[in-house]
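Notes follow the structure.
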Amino acid sequence: IYEGKPLPFLSADRAPAGLVQEFYAKGPLQSRLYDFLFSDHEAVERATIPIERIRGQVLLISGKEDRVWGSPIMARRIMDRAQTSDRADSFVHLSYDGAGHNIREPY
């Protein structure tokens, strides 16, 4: 909620049950749920944070074994958007092999 209004997001409520089950069985990085969610371009546009309006440096950190959500997928999308808006020099993405959702020392 921002300024008293709910923020748009990509909801799995309309996804086929099999894709949701696959998400829980295989994890977000091996399932096809994100492909389904990202196929609704209008919903994606509504839910997209306008990162090109961020003033300052942004550090994205993701674990390549994240089983909670697709952090490497989302970080890649942010980096692509930064590149297309000529803001790539303000964004850095660190993605760690063997790291999951909670990234702690020694990462």
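The values are calculated or read from the model by the stated rules, or taken from the named source; none is laboratory data. Quick caveat: nothing in here was measured; it's all calculated off a predicted structure. For neighbour counting, all protein chains shown are included, and Cβ atoms are generated from backbone atoms with ideal geometry for every residue, glycine included. With ligands, DNA and RNA removed, areas are computed over all heavy atoms of the protein, side chains included. Shrake-Rupley method; radii C 1.70, N 1.55, O 1.52, S 1.80 Å.
Taking H as built 1.01 Å from N, whose amide H comes closer than 5 Å to the amide H of I61, not counting residues under 5 places away?
Sorted by chain and number, the residues that satisfy this are L94.
Just by accessible area at a 1.4 angstrom probe, what is the order of M79, M74 from largest to smallest? Could the numbers behind the result be given before it?
Details: M79 30, M74 55 Å².
Output order, biggest surface exposure first: M74, M79.
Short version: ³J(HN,Hα) in whole Hz for each residue of region 48-53, in order, from phi by Karplus 6.51 cos²θ - 1.76 cosθ + 1.60 (θ = phi - 60°), x for Gly and Pro, what are they?
6, 7, x, 5, 5, 8
Could you work out what % of the accessible surface of the chain is carbon and sulfur, using a 1.4 angstrom probe and leaving DNA, RNA and ligands out of the count?
Numbers: 4170 of 7850 Å².
The C+S portion of the solvent-accessible surface of the chain is 53 percent.
Taking loop as defined by DSSP and a crowding limit of 16 other beta carbons within 10 Å, which GluC sites (Glu not before Pro) in region 1-69 fit?
Passing sites in region 1-69 are E3, E65.
Among the chymotrypsin sites (Phe, Trp or Tyr not before Pro) within region 1-84, which fall in a DSSP loop and have no more than 10 other Cβ atoms within 10 Å of their own Cβ?
Within region 1-84, the qualifying chymotrypsin sites (Phe, Trp or Tyr not before Pro) (loop, at most 10 other Cβ atoms within 10 Å) are F9.
Using Cα-Cα distances under 8 Å and only pairs 6 or more residues apart, what relative contact order does the chain have, in percent?
With pairs under 8 Å counted, the relative contact order is 26 percent.
Just to be sure I understand, if you calculate Kirkwood radius over Cα pairs in Å for this structure, which of (1) 14.5; (2) 15.3; (3) 14.0 do you get?
Evaluating Kirkwood radius over Cα pairs in Å on these atoms matches (2).
Given a 1.4 Å probe, how much area per residue of the chain is accessible, in Å²?
73
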